[in-house]
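Colleague: Encoded as structure tokens, here's the structure I'll be asking about.
The values are calculated or read from the model by the stated rules, or taken from the named source; none is laboratory data. What you see is a predicted model; the values in this text were computed from it and never measured. Neighbour counts run over all protein chains shown; Cβ positions are idealised from the backbone, glycine included. These accessible areas exclude ligands, DNA and RNA; they are computed on the full protein's heavy atoms, side chains included. Shrake-Rupley method; radii C 1.70, N 1.55, O 1.52, S 1.80 Å.
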Amino acid sequence: MPNRVVVLGGGASGLAAAWKLADRGVAVDVIEAAPQVGGLAATIPVDGYRLDVGPHSFFSDDEAVLGAVLDLFDGHMPRRPRSVRLRMDGKKLAYPLDAADLVRKLGAMTGLRCFASYAVERVRPPYRGRGAEDSDLSVEQWGARHFGRHLFELFFRPYTEQFWNMPCAALSHDVIPTSKKMSFFKTLRLLLMPKLDGADLSLAERELLPSWYPENGFGAICERIAATIRQSGGRIHLNRPVVGIARRRGAECVVRTRTPEDEVMEFPCDFVVSTIPLNELPGLLSPAAPNGVTEAANRLDFLSLVVLYLVTNKDPILECQYEYSLGNAYNRISETNKFSPFTSPEGENLLGIEFSCRYGDSVWQSTEEQLFEQCIDPLRKEGVVMGHEVRDLLVVKARHVYPLFALGYREPLRTILDYVASLGNVRVVGRAGSFEYLDADQCFKKGFALADEITRT
Ligand SMILES: Cc1cc2nc3c(=O)[nH]c(=O)nc-3n(C[C@H](O)[C@H](O)[C@H](O)COP(=O)(O)OP(=O)(O)OC[C@H]3O[C@@H](n4cnc5c(N)ncnc54)[C@H](O)[C@@H]3O)c2cc1C
């Protein structure tokens, strides 16, 4: 078992690993670049508001993770059943899709067309040269094959291309974020019998899990984990970007960080857990990673997120917690008072508007006012909020949000993971850390599992 572990990144994954390590008596230092813990699961205090990085709810199909997180709140984390809609062509559809609702709003002909085009796909032979395996399929190939062309063109192509700003033919189907994906028949079964009956749930099935939300914002979960780590003797260093990881003889590592005063601080250790973006890790290592690994890192990228918050006194704003939006510059809108009224001053409410983008592009660089200009017309037309009802604008930006699974990403990913595995005392975990699409509960689970593994060595 290592004596001293340095965890790079204080998000859900890093904190989960540090929590279990500190609990078992390992000396742990968590190094976090941001001024607060939580990463994507943080709640950021801004001018009396507590802003999440887009709408979050806590849910899990893993009993151990669920129990550990609820215990942090002594069982007092409020239950918040999720309510979601999909807005398309001015129609509000239930989400996960509901058979009766779909037929009522889109017509019986649409249902028949979906079924017929699915039947056509089923009798088609698998893609030539790829065998029956789904592993290398694009979203377009996978979506048409599993849902039928009609349903794919109706929902999947427009939303996927709007979200990723890339053609479905260039994206791996891994962008569909689920451990076990839906198919036409599973969707049909879910539409007719919305029950959870398996351990490995699809995204739509996970939407049906019971969910919770802390009064002071989703970030309260990570804040409580951080407090537990400190109580067990672990140390958490904020505002400390990692600037280097030197590997020395005798399996020792030295992690270098920069202080806000621009001084370099060193943390010697015998094990490193990295949750920082995987494509940035090779560039931090010394001795330097081989060229092939650095080149592989250059081939991986992330989609970024800008969340514009409109401050308003309007309450309620939506009929549900959040709405996916098709055909607009933004992908989703959410109402914060539907999660917790304690994240805004009394009498106020926030509408969160999510724009996906690439780091540094025109959306990323837009001012609050420019983003507002892009969304106020559709919001007004859809009756969500009027310009004069908006009192102020706030913005949250995150760079490494969605691993970009462009077709062919698996090869560079494998190159980096194999190289990191060969180092012996450096391990990666987490959404950005291992380039996987994970929810917070899955990050907790993986962080716990890694701590188990490390303490067994
Ligand atoms: C809009 C949105 C909605 C979501 N909704 C839900 C939901 O409802 N339920 C749910 O369970 N999950 C949800 N998630 C997913 C959840 O937020 C993530 O799975 C989880 O927070 C990822 O944790 P992580 O620790 O793996 O990664 P991160 O949160 O990315 O943590 C990595 C940390 O490393 C730090 N870091 C990076 N570089 C450096 C460096 N050089 N030095 C030091 N530190 C560094 C970062 O600041 C960050 O804190 C959502 C995510 C998004 C974006």
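Colleague: Going residue by residue through the range 52-73, is there one that turns out to be aliphatic (A, V, I, L, M) and outside the structural domain of Ala227 (by TED's automatic domain parsing)?
Modeller: For the range 52-73, residues aliphatic (A, V, I, L, M) and outside the structural domain of Ala227 (by TED's automatic domain parsing): present.
Colleague: When both residues are 6+ apart or on different chains and their Cβ atoms are under 6 Å apart, which pairs have a first residue that lies in the range 32-43 and is closer than 14 Å to Ala16 by Cα, and a second that is near the ligand (Cβ under 6 Å from one of its atoms) and in a strand (DSSP E or B)?
Modeller: Every condition considered, the pairs that remain are Gly39/Gly11.
Colleague: What's the number of the only condition in (1) in contact with a strand residue (DSSP E or B) (Cβ under 9 Å, 6 or more places away or on another chain); (2) at pLDDT below 95 that Val46 fails to meet?
Modeller: (2)
Colleague: While we're on this one: Of all residues in the range 268-292, which are within 14 Å of Leu413 (Cα to Cα) and surrounded by fewer than 20 Cβ atoms within 10 Å (Cβ to Cβ)?
Modeller: Passing the criteria: Glu280, Gly292.
Colleague: Is there any pair linking a residue in the range 228-253 that is assigned by TED's automatic domain parsing to the domain that holds Val264 and closer than 22 Å to Leu281 by Cβ to one that is of a type in the set (S, T, N, Q) and surrounded by 15 or more Cβ atoms within 10 Å (Cβ to Cβ), with Cβ under 6 Å and at least six apart or on different chains, and which?
Modeller: Cβ pairs passing all conditions: Arg240/Thr257; Val242/Thr257; Ala251/Asn425.
Colleague: Give the residues of the range 397-424 that are closer than 27 Å to Ala41 by Cβ, over 14 Å from the mean Cα position of the chain (by Cα) and open to solvent by 10 Å² or more (accessible area, probe 1.4 Å), sorted by residue number.
Modeller: Ala406, Tyr409, Arg410, Leu413, Leu417, Ala421
Colleague: Related question: In the range 240-265, which residue that is in contact with a strand residue (DSSP E or B) (Cβ under 6 Å, 6 or more places away or on another chain) and among the basic types (Lys, Arg) is farthest from Gly39 (Cα to Cα)?
Modeller: Checking each candidate, the answer is Arg247.
Colleague: So, one more: For the condition modelled with pLDDT under 95, surrounded by fewer than 23 Cβ atoms within 10 Å (Cβ to Cβ) and either part of a loop (DSSP other than H, G, I, E, B) or assigned by TED's automatic domain parsing to the domain that holds Gly250 (or both), what is the one hit in Arg87, Arg82?
Modeller: Arg82
Colleague: If you check every pair at least six apart or on different chains, which have Cβ atoms under 7 Å apart with a residue in the range 342-356 that is more than 16 Å from the ligand (Cβ to nearest atom) first and a residue that is aliphatic (A, V, I, L, M) and open to solvent by 10 Å² or more (accessible area, probe 1.4 Å) second?
Modeller: Short answer, once both residue conditions are applied: Asn349/Ile317.
Colleague: Now for a different question. Among the listed residues Gln365, Gln370, which satisfies the condition of being open to solvent by 30 Å² or more (accessible area, probe 1.4 Å), farther than 27 Å from Val37 by Cα and free of Cβ contacts under 8 Å to residues at least 24 places away in the same chain?
Modeller: When all the criteria are applied, what remains is Gln370.
Yes/no per residue for (1) modelled with pLDDT under 95; (2) outside any strand (DSSP E or B):
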site	(1), (2)
Leu196	yes, yes
Leu201	yes, yes
Ile221	no, yes
Arg230	no, yes
Arg240	no, yes
Val243	no, no
Val254	no, no
Phe267	no, no
Ile276	no, yes
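Colleague: What's the number of the only condition in (1) surrounded by fewer than 19 Cβ atoms within 10 Å (Cβ to Cβ); (2) not assigned by TED's automatic domain parsing to the domain that holds Gln321 that Val428 fails to meet?
Modeller: Only one criterion is unmet by Val428, namely (1).
Colleague: Quick one: in the range 217-239, which of the residues that are within 23 Å of the chain's Cα centre (by Cα) and of a type in the set (D, E, K, R) is farthest from Gly9 (Cα to Cα)?
Modeller: So, considering only residues that are within 23 Å of the chain's Cα centre (by Cα) and of a type in the set (D, E, K, R), the one farthest from Gly9 (Cα to Cα) is Arg224.
Colleague: Does any residue in the range 396-420 that is closer than 14 Å to Gly54 by Cα and of a type in the set (Gly, Ala, Ser) come within less than 9 Å, Cβ to Cβ, of a residue that is within 16 Å of the ligand (Cβ to nearest atom) and modelled with pLDDT of 95 or more six or more places away or on a different chain, and which pairs are these?
Modeller: Filtered contacts from the range 396-420: Ala398/Gly39; Ala398/Leu40; Ala398/Val53; Ala398/Gly54; Ala398/Ser304; Ala398/Leu305; Ala398/Val306; Ala398/Val307.
Colleague: Taking only the range 27-39 into account, find how many residues are over 15 Å from Val255 (Cα atoms) and open to solvent by 10 Å² or more (accessible area, probe 1.4 Å).
Modeller: Total satisfying the criteria: 5.
Colleague: Related question: Could you pull out the residue among Asp392, Asp441, Asp452, Asp377 that is under 30 Å from Asp61 (Cβ atoms) and either near the ligand (Cβ under 10 Å from one of its atoms) or outside the structural domain of Gly219 (by TED's automatic domain parsing) (or both)?
Modeller: Asp441
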